[in-house]
Amino acid sequence: MYTLAVKRAFVAQHFLIGGDWGAENFWHSHHYQLELQLEGATLDHHGYLVDIVDVEQRLNEIVAYYRDKTLNELPEFAGLNPSIEHFTRIVCLTLAERLHVPNIHALTVRIWENDIAWAAYRHELRAA
């Protein structure tokens, strides 16, 4: 099984809702690190798992959308606590819709919100 990963950094804001999490309940910024991992069993005729330029373009679009935004104000977070768990799922499913790579069978999005804490969401695609 092959895995290819691409990583991007950006700053976004949020505040947690629905519980008493101290300072996290107040608006604040995170220096997020977003890592996209793509998995597949076969390479294309060039010996690549994916066209990394295309993957980077899609990832850059996602990062540009979230950069300097308050997650709570975005429609995809309506009614949700903007945790990194929800954030990873939303980003992963969005990328799954936008990436058209026939030999990929799964993708994982991992988001670090600081040096010690991250969450990940893995989405399996249907067989090509």
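Out of R58, R89, I need the residue that is surrounded by 14 or more Cβ atoms within 10 Å (Cβ to Cβ), of a type outside the set (A, V, I, L, M, F, W, C) and out of contact with any strand residue (DSSP E or B) (no Cβ under 8 Å at 6 or more places or on another chain). Which one?
R58
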Given L107, L99, L95, L59, which one is hydrophobic (A, V, I, L, M, F, W, C), at pLDDT below 95, touching a Lys or Arg at 6+ places or on another chain (Cβ under 8 Å) and closer than 21 Å to E124 by Cβ?
-> L99
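Could you say which residue among I111, I62 is in contact with a Ser or Thr (Cβ under 7 Å, 6 or more places away or on another chain), closer than 17 Å to H28 by Cα and either of a type outside the set (D, E, K, R) or in a loop (DSSP other than H, G, I, E, B) (or both)? Outline the logic, then answer.
Numbers: I62 fails: closer than 17 Å to H28 by Cα.
Residue meeting the stated conditions: I111.
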Can you find a residue in the stretch 28-51 that is in contact with a His (Cβ under 9 Å, 6 or more places away or on another chain), assigned to a strand (DSSP E or B), surrounded by 15 or more Cβ atoms within 10 Å (Cβ to Cβ) and of a type in the set (S, T, N, Q)?
-> no
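Considering each of L93, L80 in turn, give the residue that is farther than 20 Å from L38 by Cα, touching a His at 6+ places or on another chain (Cβ under 8 Å) and without any contact (Cβ under 8 Å) to a residue 40 or more places away in the chain.
Working: L93 fails: farther than 20 Å from L38 by Cα.
Within the list L93, L80, the selection yields L80.
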Determine which single condition L125 fails, assuming it passes every other condition in (1) buried (at least 17 other Cβ atoms within 10 Å of the Cβ); (2) in contact with a His (Cβ under 6 Å, 6 or more places away or on another chain).
-> (1)
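The values are calculated or read from the model by the stated rules, or taken from the named source; none is laboratory data. This one's a predicted model, so the numbers in the text were calculated from it and none came from an experiment. With ideal geometry, Cβ positions are generated from the backbone for all residues, glycine too; neighbour counts draw on all protein chains shown.
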